[in-house]
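What follows is a short report on a single structure.
The values are calculated or read from the model by the stated rules, or taken from the named source; none is laboratory data. Just so it is clear, the structure is predicted and the values come from calculations on it, not from any experiment. Ideal geometry is used to build each Cβ from the backbone, glycine not excepted, and the neighbour counts take in all protein chains shown.
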There are 2 protein chains.
Amino acid sequence: MAQPSFFAGLDVGGTSMKGGVVDDQGKSLGSVSLPTEAYRGQELGLARMVETIRAAVAAAKLTMADIATVGVATPGTMDLAAGVVLDPPNLKPWQNVPVRQYVHDALQMPTAFQNDANAAAFGEYWAGAGRGANSMVLFTLGTGVGGGIVIGDKVLVGEHSHGAELGHVRIEITNPRQCGCGRMGCLEAYASATAVVKRTLEALAANPGQSSLHQLLNRDEEITARAIFNAAAAGDALAGKIVEDTAYYLAIAAVNMMHTIDPNMVVFAGGMIAAGQPFLERIRWHVKQMAFPIPAAATKICYAQLGNDAGFIGAAGCGRLLWKNG
Amino acid sequence: MAQPSFFAGLDVGGTSMKGGVVDDQGKSLGSVSLPTEAYRGQELGLARMVETIRAAVAAAKLTMADIATVGVATPGTMDLAAGVVLDPPNLKPWQNVPVRQYVHDALQMPTAFQNDANAAAFGEYWAGAGRGANSMVLFTLGTGVGGGIVIGDKVLVGEHSHGAELGHVRIEITNPRQCGCGRMGCLEAYASATAVVKRTLEALAANPGQSSLHQLLNRDEEITARAIFNAAAAGDALAGKIVEDTAYYLAIAAVNMMHTIDPNMVVFAGGMIAAGQPFLERIRWHVKQMAFPIPAAATKICYAQLGNDAGFIGAAGCGRLLWKNG
């Protein structure tokens, strides 16, 4: 019988969970998504994790005997060393869920457990934008701002599972915005998709009638980050200012990491990178203005490449390390 | 003949260089200091490095045969992988100085090369405040703010020798102070000893006659960070506000590292820690307000213990790793 040489990964989100199988280079053989339905309780959630992994293996036309390891990524406060999700805001009412142990026992397979943003960072590092880099910092821009740091094939998880909580690095003292976490001046309060919308609504209220976005408001349409980036691309001045400020905030975040971790690459991921190349070029421009000359010249500033496959690919990659490192 | 089992370290500063010998636990057997005299050129500087190391070995009543490795730490922009100081602002007119190669060739011994703040961090980690920790972040508070990050016995040097340039992490957008480096809003522009004096002089100019520090100014005495901390301890309100704000800025810096590196300890070093326990308690108080609950409860916030021996001890420790890791 052949050695098992594929790796299963699972990325658990607030709405759905995505499982997939990858090969030894991190190439996806396909994936399946099932609803998380956290409100139905953690017993069902755990069973669904195993179900999703099994479905992903079947979808890849493999059997569990072909799989060497499993990796599971979840959001929320966690104890990574213990393999437990503690009190995840996006998975209520789950509490102290022993994810790693449960999945391990159900599948009888070496099982890795990781924070979702860390897993996405590892996925991009291994098989996406970061291929070939020794170190990489990732920012995921969605409802919040997540972060992941990988140095020399190792995810920086920290001593208390709070490594790379990069949305909650403070960038403002004098006039700080309040973050969803309750703290003041966090990056997330400036540069998440939610923050972009909030800053736009404030600007629209302060500048009545000056923007094409007022027409959306008048038609009772939702102002989304996408609508704002589109308006900016079409020449709307108010939207353009919001987008430019966002690029500036993200450049500050990137430079702060260049002066702390000094990685080969800083990668941006998440829905907001649909804004495309012009937005990336503005981030790069601000980085060049603000970073020390050597990292400014040498550090690559890029978009992620794996979309929302990064989580399960990275989770699978973390499992693979258990196998590779014995 | 016995195995050589001592380690020599050298910490090169703008004014003087300090060499010393340590044992396998990082305990100092004594040290010597000689003037750097950078203005006399890098040839003399390199020769003086070797002279200082030899003098330190002699002062420890050892011979070079007792020494297993050497480590040298310097300030300035550098290429750590190449072992070269590039363009050090505090060692003018030195340019592209091949420190590691020169010392290695002169002493015929495995030679490590490190940034001075990184070396101080490694010294505290190995033999000072950080003993027993797995990871540690150090801030040195002097003319500038230096930084060092150690994770699992490894100094985080980064890909372009810019790891842990923590004085140049930006903490303010709206109304940023200009840093000595030319950038805006750097931590160093708020929390170095120089910045504390500058902020105090501004406050004194804005509040004529309200502070005991005005008497120093009137007597043409220099306002030093020490005088400011003393005035605060004696109840001076203006000085007290400066000290409290400084503790707050340093707490922001600590929390930003707790949400990035998530170390076991954050350690403050440099002349400013002469301010003593009350200042440390204020930093700790602000950290508890601002950090996520788990790292807030678990991360130790401490002062350094090795004074200005940390640099040569850490440099020696970096050399010892060459020997220990083969």
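Filter the stretch B:122-138 down to the residues that are on the phi > 0 side of the Ramachandran plot and within 12 Å of another protein chain (Cβ to nearest Cβ) and list them by number. Before you say what the answer is, go through the steps one by one.
If we filter the stretch B:122-138 for residues that are on the phi > 0 side of the Ramachandran plot, which is where we start, we get B:132.
Once the filter is applied, which keeps residues that are on the phi > 0 side of the Ramachandran plot and within 12 Å of another protein chain (Cβ to nearest Cβ), the stretch B:122-138 yields nothing.
Residue A:165: within 18 Å of residue B:292 (Cβ to Cβ), acidic (Asp, Glu) and either within 25 Å of the chain's Cα centre (by Cα) or not assigned by TED's automatic domain parsing to the domain that holds residue A:251 (or both), yes or no?
Working: within 18 Å of residue B:292 (Cβ to Cβ): yes; acidic (Asp, Glu): yes; either within 25 Å of the chain's Cα centre (by Cα) or not assigned by TED's automatic domain parsing to the domain that holds residue A:251 (or both): yes.
In short, yes.
Out of the residues in the stretch B:226-253 that are touching a Ser or Thr at 6+ places or on another chain (Cβ under 6 Å) and β-branched (Val, Ile, Thr), state the one that is farthest from the other protein chains (Cβ to nearest Cβ).
If we filter the stretch B:226-253 for residues that are touching a Ser or Thr at 6+ places or on another chain (Cβ under 6 Å), which is where we start, we get B:228, B:231, B:236, B:238, B:242.
Still in the list and also β-branched (Val, Ile, Thr): B:228, B:242.
On the way: B:228: 20, B:242: 15 Å.
Here the answer is B:228.
What's the total number of residues in the stretch B:196-242 that are of a type outside the set (Gly, Ala, Ser), farther than 23 Å from residue B:142 by Cβ and surrounded by fewer than 13 Cβ atoms within 10 Å (Cβ to Cβ)?
5
Can you tell me which residues in the stretch B:254-294 are part of a helix (DSSP H, G or I), facing chain A (nearest Cβ under 9 Å) and closer than 19 Å to residue B:149 by Cβ?
Those that are part of a helix (DSSP H, G or I), facing chain A (nearest Cβ under 9 Å) and closer than 19 Å to residue B:149 by Cβ: B:255, B:256, B:257, B:258.
Looking only at the stretch A:295-326, count how many residues are touching a residue at least 60 places away in the same chain (Cβ under 8 Å) and assigned to a helix (DSSP H, G or I).
Count: 16.
Looking at the structure I just gave you, is residue B:142 modelled with pLDDT under 95 and under 12 Å from the mean Cα position of the chain (by Cα)?
Working: modelled with pLDDT under 95: yes; under 12 Å from the mean Cα position of the chain (by Cα): yes.
Against the criterion (modelled with pLDDT under 95 and under 12 Å from the mean Cα position of the chain (by Cα)), residue B:142 qualifies.
If you take the residues in the stretch B:159-186 that are basic (Lys, Arg) and facing chain A (nearest Cβ under 7 Å), which one is farthest from residue B:130 (Cα to Cα)? Please lay out each step first, then the result.
To start, the set of residues in the stretch B:159-186 that are basic (Lys, Arg) comprises B:170, B:177, B:183.
In the following step, the residues that additionally are facing chain A (nearest Cβ under 7 Å) were identified as B:170, B:183.
Numbers: B:170: 26, B:183: 31 Å.
Step by step, filter the stretch B:159-186, then rank; the result is B:183.
With the requirement that a residue be in a helix (DSSP H, G or I) and in contact (Cβ under 8 Å) with a residue 24 or more places away in the chain, what does the stretch B:93-103 give you? If you could, list the steps in order and put the result at the bottom.
Our first condition is that a residue be in a helix (DSSP H, G or I); within the stretch B:93-103, this holds for B:99-103.
Matches in the stretch B:93-103: B:99, B:100, B:102, B:103.
Answer with yes or no whether residue B:156 is within 14 Å of chain A (Cβ to nearest Cβ), surrounded by fewer than 23 Cβ atoms within 10 Å (Cβ to Cβ) and within 15 Å of the chain's Cα centre (by Cα). So that I can check it myself, show each step before the final result.
Working: within 14 Å of chain A (Cβ to nearest Cβ): yes; surrounded by fewer than 23 Cβ atoms within 10 Å (Cβ to Cβ): yes; within 15 Å of the chain's Cα centre (by Cα): yes.
Spelling it out, residue B:156 is indeed within 14 Å of chain A (Cβ to nearest Cβ), surrounded by fewer than 23 Cβ atoms within 10 Å (Cβ to Cβ) and within 15 Å of the chain's Cα centre (by Cα).
Can you find a residue in the stretch B:143-151 that is touching a helix residue (DSSP H, G or I) at 6+ places or on another chain (Cβ under 6 Å), facing another protein chain (nearest Cβ under 7 Å) and either within 20 Å of residue B:247 (Cα to Cα) or touching a residue at least 40 places away in the same chain (Cβ under 8 Å) (or both)?
Within the stretch B:143-151 (the criterion being touching a helix residue (DSSP H, G or I) at 6+ places or on another chain (Cβ under 6 Å), facing another protein chain (nearest Cβ under 7 Å) and either within 20 Å of residue B:247 (Cα to Cα) or touching a residue at least 40 places away in the same chain (Cβ under 8 Å) (or both)), the answer is no, since none of the residues qualifies.
I'm trying to understand the selection: among the residues of the stretch B:1-27, which are assigned to a strand (DSSP E or B) and under 18 Å from the mean Cα position of the chain (by Cα)? Lay out the reasoning, then the answer.
Taking the stretch B:1-27 first, the residues assigned to a strand (DSSP E or B) are B:6-12, B:16-22.
Of everything in the stretch B:1-27, those that are assigned to a strand (DSSP E or B) and under 18 Å from the mean Cα position of the chain (by Cα) turn out to be B:9, B:10, B:11, B:12, B:16, B:17, B:18, B:19, B:20.
This table checks each residue for (1) buried (at least 17 other Cβ atoms within 10 Å of the Cβ); (2) assigned by TED's automatic domain parsing to the domain that holds residue B:312; (3) not hydrophobic (A, V, I, L, M, F, W, C).
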position	(1), (2), (3)
B:12	yes, yes, no
B:24	no, yes, yes
B:50	yes, yes, no
B:67	yes, yes, no
B:76	yes, yes, yes
B:81	no, yes, no
B:86	no, yes, no
B:99	yes, yes, no
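Just name the residue that is nearest to the chain's Cα centre (by Cα) out of those in the stretch A:186-214 that are hydroxyl-bearing (Ser, Thr, Tyr) and assigned to a helix (DSSP H, G or I).
Step one: list which residues in the stretch A:186-214 are hydroxyl-bearing (Ser, Thr, Tyr), which gives A:190, A:192, A:194, A:200, A:211-212.
With the extra rule that they be assigned to a helix (DSSP H, G or I), the set shrinks to A:190, A:194, A:200.
Values: A:190: 17, A:194: 15, A:200: 23 Å.
Result: A:194.
How many residues are in a helix (DSSP H, G or I) and out of contact with any Pro (no Cβ under 9 Å at 6 or more places or on another chain) if we restrict to the stretch B:233-246? Give the steps one after another, and end with the answer.
Restricting attention to the stretch B:233-246, the residues satisfying the condition of being in a helix (DSSP H, G or I) are B:233, B:237-246.
Still in the running and out of contact with any Pro (no Cβ under 9 Å at 6 or more places or on another chain): B:237-242, B:244-246.
Number of matching residues: 9.
Collect the residues in the stretch B:295-313 that are within 13 Å of chain A (Cβ to nearest Cβ) and of a type in the set (D, E, K, R), keeping them in residue-number order.
B:300
May I ask you to verify whether residue B:217 is away from every other protein chain (no Cβ under 12 Å), more than 22 Å from the chain's Cα centre (by Cα) and part of a helix (DSSP H, G or I)?
On the way: away from every other protein chain (no Cβ under 12 Å): yes; more than 22 Å from the chain's Cα centre (by Cα): yes; part of a helix (DSSP H, G or I): yes.
Against the criterion (away from every other protein chain (no Cβ under 12 Å), more than 22 Å from the chain's Cα centre (by Cα) and part of a helix (DSSP H, G or I)), residue B:217 qualifies.
Keeping to the stretch A:271-308, report how many residues are more than 19 Å from residue A:232 (Cα to Cα), touching a strand residue (DSSP E or B) at 6+ places or on another chain (Cβ under 6 Å) and not basic (Lys, Arg).
In the first step, residues of the stretch A:271-308 are kept if they are more than 19 Å from residue A:232 (Cα to Cα); the result is A:287-308.
Adding the requirement that they be touching a strand residue (DSSP E or B) at 6+ places or on another chain (Cβ under 6 Å) leaves A:287, A:300-304.
In the following step, the residues that additionally are not basic (Lys, Arg) were identified as A:287, A:301-304.
Residues that pass the stated criteria total 5.
Can you name every residue in the stretch A:188-222 that is within 23 Å of residue A:280 (Cα to Cα) and among the polar types (S, T, N, Q)?
Matches in the stretch A:188-222: A:192, A:194, A:200.
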